[in-house]
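Take a look at the structure set out below.
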Amino acid sequence: IAKEVAKLLEMKAQLGGDEGKHKFVLKTPKGTRDYSPKQMAIRERVFNAIISCFKRHGAEVIDTPVFELKETLTGKYGEDSKLIYDLKDQGGELLSLRYDLTVPFARYLAMNKITNIKRYHIAKVYRRDNPAMTRGRYREFYQCDFDIAGQFDPMIPDAECLKIVHEILSDLQLGDFLIKVNDRRILDGMFAVCGVPDSKFRTICSSIDKLDKMPWEEVRSEMVGEKGLSPEAADHIGEYVQLHGGLDLIEQLLQDPKLSQNKLAKEGLGDMKLLFEYLTLFGITGKISFDLSLARGLDYYTGVIFEAVLLQQENDHVEEPVSVGSVAGGGRYDGLVGMFDPKGRKVPCVGVSIGIERIFSILEQRVEASEEKIRTTETQVLVASAQKKLLEERLKLIAELWDAGIKAEVLYKKNPKLLNQLQYCEDTGIPLVAIVGEQELKDGVIKLRVVATREEVNVRRESLVEEIRRRTSQ
């Protein structure tokens, strides 16, 4: 309905008003949204959980421009390149809005000749996608990325990235989740032994990536019909991509007569085994599944790839939980920095991106459903007065509180009624009221009232700051 109304309003605006005045359509651009104070409060909670996890793992933070030179982004995203926003030439440089935070990170490393860094970056990215706003898909959205760059022993940083995803998803309490893991080398080896020609690797990869949204039959017909793969090769792939499991599956595939002959696949499987050993030490293998259908569409991955999905128990009769969609993804991309380096020097990298928008949609719906009251300010105390002509005293007191670092508010009226002041605290969730009155001023005290219990105590003015801190620190 909203879509149709917006369309009609636009048509109405084009017809022009009665007096020939142009009627202005008030809306945000397609695929974008505003955030109300309540939504921002939820969003900040999520960001804080994610940032504190990144910091717990010793990451530094960087930032890069919201637009890059067009050539920086060209050729890095495979079939998704058509979703890049190009900007009109404004003064001699062809620019595009950034599509993700990984390519700018690689450009940053190459430009500054950095060979070793552990960083996080939280910022907006832009995709000219067909938005599905209800599912948390936008044209402008945040990404929260954590990456480890540098030459290290295999699979130790990769295991830490998976641990981080596990920590964040557990901490946000989004419900049951599963982290699927695969390796680009295992995929490429599998394609080779199944008879996929080299030139078709990437495009077949992006078909396989749709398996979480489409049944195998449809993916197969896309590979055969649209992409010209032989039916035999497709069926051969089908036998592999429906497998998922843990260490036992890795062992089984290492014994597979065809796969174990392929150098790439063998390498990938060896590393996958190592990864699972580290994940066992971190105690998180219960939520991890080695899944041969995971392909992740981006061109720059070279090794381990992973994706976290939320699971939904539809009802008791379903054995397999249903995936609600991806909330984090990432992998190893050892060649990307080399693409920017004039001498082609490689910096191995592995990273993870948290899908904040989808997580945010879920939490927002949950808050709506539970009717939980969300505070949109952090005010600790309202400075109020019980009688008239006390504005100066209120202002004097609130300045003392602000200077002491207390979060305080005052109503912008000369003589507000006490009832209105207390009501304001109820409405906004302010826990304390500091009441200034004539008698209190004579006695050198302030009446401190707890909004929830209505209990009142007289506090000496000099110990007021301490008392407010004590009562709001819990």
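The values are calculated or read from the model by the stated rules, or taken from the named source; none is laboratory data. Being a predicted model, the structure only gives us computed values, none of them experimental. Here the Cβ is made from the backbone with ideal geometry for all residues, glycine too, and neighbour counts use every protein chain on show. Each accessible area value is taken on the protein alone, full model and side chains, heavy atoms only, with ligands, DNA and RNA left out. Shrake-Rupley method; radii C 1.70, N 1.55, O 1.52, S 1.80 Å.
Taking 7 Å steps out from each Cα toward its Cβ at residue 116 and residue 438 produces label points 7.4 nm apart.
The alpha carbon convex hull volume per residue for the chain rounds to 243 Å³.
Tell me the carbon and sulfur percent of the accessible area for the chain, rounded to whole percent, probe radius 1.4 Å.
Values: 13090 of 25100 Å².
Carbon plus sulfur share of accessible area: 52 percent.
Take every Cα pair under 8 Å whose residues are at least 6 apart in sequence, average their separation, divide by the length of the chain, and the relative contact order is 15 percent. Grab the other residues whose beta carbon is less than 11 angstrom from that of residue 391, score K and R as +1, D and E as -1, and report the net. Residues near residue 391 contribute +4 overall. Over the stretch 166-301, the fraction of Cα-Cα pairs per 5 Å bin, rounded to whole percents and listed from the shortest bin up, is 2, 10, 19, 22, 19, 14, 8, 5, 2, 0. Across the stretch 105-122, rounded Karplus estimates of 3J(HN,Hα) from the backbone phi angles (6.51 cos²θ - 1.76 cosθ + 1.60, θ = phi - 60°) give 5, 5, 4, 4, 5, 5, 5, 9, 6, 8, 10, 7, 7, 10, 9, 10, 8, 10 Hz, Gly and Pro being marked x.
Per DSSP H run of at least 4 residues, take -39500 (n - 2.57); add these up for the chain, divide by its residues and hand me the 222 nm value, nearest 500 deg cm²/dmol. Before the final figure, lay out each step's value.
Details: 17 runs with 186 residues, N = 474.
Mean residue ellipticity at 222 nm (helix-derived): -12000 deg cm²/dmol.
For the stretch 148-249, the solvent-accessible area works out to 41 Å² per residue, with a probe of 1.4 Å and every protein chain left in place. Sorted on the mean count of surrounding Cβ atoms within 10 Å across their residues, most packed first, peptides 112-118, 97-103, 8-14 read 97-103, 112-118, 8-14.
Dipole size in debye (nearest 20) for the chain around its Cα centre, Lys and Arg Cβ +1, Asp and Glu Cβ -1? Walk me through the intermediate numbers first.
Details: 69 positive and 74 negative charges, 392 e Å.
In total the dipole reaches around 1880 debye.
Want the number for residue 27 to residue 252: 0.36 nm per residue separation, take away the alpha-carbon distance, what's left?
Numbers: separation 225, 0.36 × 225 = 81.00 nm, distance 5.58 nm.
Roughly 75.4 nm would be gained on extension.
If R0 equals 25 Å, the separation of the Cβ atoms of residue 34 and residue 371 corresponds to a calculated FRET efficiency of about 0.65. Per-peptide packing, taken as the mean over residues of other Cβ atoms within 10 Å, places 300-311, 36-47 in the sequence 300-311, 36-47 from highest down.
Based on the mean of other beta carbon atoms within 10 Å per residue, what is the order of 411-419, 232-240, 179-187, 85-93, most packed first?
Working: 411-419: 12.4, 232-240: 17.3, 179-187: 25.1, 85-93: 9.7.
In decreasing order of mean packing, 411-419, 232-240, 179-187, 85-93 become 179-187, 232-240, 411-419, 85-93.
Starting from the residue with the highest accessible area, list 402, 216 in decreasing order, probe 1.4 Å. Mind showing how you got there, number by number?
On the way: 402 135, 216 40 Å².
Greatest to least solvent exposure: 402, 216.
Net length available on complete extension from residue 124 to residue 470 is 120.7 nm, with 0.36 nm assigned per residue and the Cα-Cα distance removed. Based on Cα contacts under 8 Å between residues 6+ apart, the stretch 381-471 shows a relative contact order of 29 percent.
In plain terms, the chain from residue 11 to residue 202 could stretch by 64.5 nm, reckoned as 0.36 nm per residue minus the Cα-Cα distance.
Just the number, please: Stokes-Einstein D of the stretch 184-243 in µm²/s, Kirkwood Rh from C-alpha pairs, 10 °C, 1.306 mPa s. Reported coefficient: 142 µm²/s.
Principal axis extents of the Cα atoms in the stretch 20-114, from largest to smallest and rounded to whole angstrom, are 60, 41, 27. Between residue 79 and residue 239, the distance separating the two model label sites (each 7 Å from Cα on the Cα→Cβ line) works out to 2.5 nm. Other residues within the sphere of radius under 13 Å centred on the Cβ of residue 230, judged by their own Cβ, net out at +1 (K and R +1, D and E -1).
A crude spin-label estimate for the pair residue 413 and residue 387, with each label 7 Å from Cα along the Cβ direction, gives 1.9 nm. In the chain, a dipole from Cβ-located charges (positive for Lys and Arg, negative for Asp and Glu) runs towards its positive end, and of 408, 285, 214 it is 408 whose Cα lies farthest in that direction. Per the Kirkwood formula applied to alpha carbons, the stretch 376-474 shows a radius of gyration over Rh ratio, Rg over Rh, of 0.91.
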